[in-house]
1. Efficiency by 1/(1 + (r/R0)^6): what FRET value for Gln162 and Glu93, r their Cβ-Cβ distance, R0 = 45 Å, to the nearest 0.05?
2. With label points built 7 Å along Cα→Cβ from the Cα atoms of Arg290 and Val340, find their separation and express it in nm.
3. Arrange the peptides 373-385, 137-149, 196-208 so that the one whose residues have, on average, the most other Cβ atoms within 10 Å appears first.
4. Once you have the Cα-Cα distance between Phe359 and Leu315, take 0.36 nm times their residue separation minus that, and quote the gain in nm to one decimal.
5. Count the net charge of all other residues whose Cβ sits under 15 Å from the Cβ of Ile146, scoring Lys and Arg as +1 and Asp and Glu as -1.
6. Roughly speaking, what is the stretch gain from Thr135 to Asp30, that is 0.36 nm per residue apart minus the C-alpha to C-alpha distance, in nm to one decimal?
7. Within the set Lys247/Lys369; Lys129/Lys182; Lys129/Lys177; Lys129/Lys194; Lys101/Lys159; Lys133/Lys194, which residue pairs have Cα atoms separated by over 28 Å?
8. Provide the per-residue ³J(HN,Hα) series for the stretch 25-30, in order, calculated from phi with Karplus coefficients 6.51, -1.76, 1.60 and θ = phi - 60°, each as a whole number of Hz, with x at glycine and proline positions.
Amino acid sequence: MDVIVLGLMLLSLTIWLGLVCFWGQFWRTDQQLEVTETQLQSLPVVCVVVPARNEAELIPTSLRSLLLQDYPGSFNVFLVDDRSTDQTANFAEGVAHAVGKPQQLHIISGESLPPGWSGKLWAVEQGIKSASKLTPDYFLLTDADIEHDPDNLRRLVAKAVQEDLDLVSVMVRLRCKSFWEKLLIPAFVFFFQKLYPFRWVNNPNNPTAAAAGGSILIAREALERIGGIQVIRQALIDDCALAQAVKRGTGDWGLGTREEFSQSPVPNTQYPIPIGRIWLGLSSLTRSLRPYDSLATIWDMVARTAYTQLNYSPLLLLGTLVGMPLIYLAPPVCVILGAVWSNWAIAFTGLFGWLLMTFAYYPTIRFYKCSPWFAFSLPAIAFLYTLMTLDSALRHWQGRGGAWKGRVYPSSDNF
């Protein structure tokens, strides 16, 4: 038994050494938008598209932050009221008048959802269609629960112009105030970075592609090149689907599975050579207003798309259910077993593995200004996320997957 346990722990330790040393330095938090030089030689025209469904509580803050952007160029905000029942549009109109910029806000009444579209992407499509009349250079696609730093639009445009990028996206700072948010939200970002290492995403020679839906600046020409938003109209994980389509330079984002494409570290004959140039980073100033102050709310957020991320594959689900305990739970379990059995080889190997994962997680904990002790909690956090993933699969099999804002979306082979 000792030999088996020690062998499993050595395997877990080897995996962690590989992740820390060779997996795109995903654990670092150095890819940040705020380091961008904001000087602009030209002032591209920007249209902001905001899909909003029952966001009356948050829209006053988020829309105000958009209308008060310190961007010297021309920009207009197109808010698509996705059949809200809480007077979202009225609140939005009031905000525009309150800040003295009613002429920059265009409110669009959303049409009924047609078959084959997700609600958010149908709203985005309508916003882009209306905004295109102004022939913008860029579209800023953002959610109605995001409070933008006054310089956010200027930084996004400067990043795109200076580095000739087709798409620039930032993972905004998620709310991290309650105990459950401090325990689980930084880990959400950590796992996302592990799945899509930002350095690989930002490397034009690497096919890995991802984006964060809260704040995406995309060039109009790049969007037209892939065939518009309609090419990803069914995607539940729409941000990453859009990034993959842009980087490939084609609307055929379903080529191969999403998991295969995202995990391929280098271009090869199975995948097209990347064409579009994209960038993804963190933001310490632009933030999400959406509260996740209970385990249930975070659980629902993750379970809504976790099985989608696994491409609805039972085999990948099985690999997750086996791999997560091996990678995250084995080290602390080995520390305990080694101490109980007085087998110090097992105990110290487990401790080294635990410290290694804590070292990898700590930069994210520091970025979110949480207590360093949370960094040691990653095994317990990973266990909860594993249960959320299993629940996501169960919801899918029961026909309850993809529920959001009162809508339940069926799966698609293209996801």
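1. 0.80
2. Going by the 7 Å Cα→Cβ label model, 4.0 nm.
3. 137-149, 196-208, 373-385
4. The span from Phe359 to Leu315 would gain 12.8 nm if fully extended.
5. 0
6. 34.4 nm
7. Lys247/Lys369; Lys129/Lys182; Lys129/Lys177; Lys129/Lys194; Lys133/Lys194
8. Along the stretch 25-30, the couplings run 6, 4, 7, 7, 10, 8 Hz.
Quick note: the coordinates plus some simple rules give every number you see, no bench work behind them. Please read these numbers as outputs of a predicted model, since none were measured by experiment. Every residue, glycine as well, gets a Cβ built from its backbone with ideal geometry; the counts of neighbours run over all protein chains shown.
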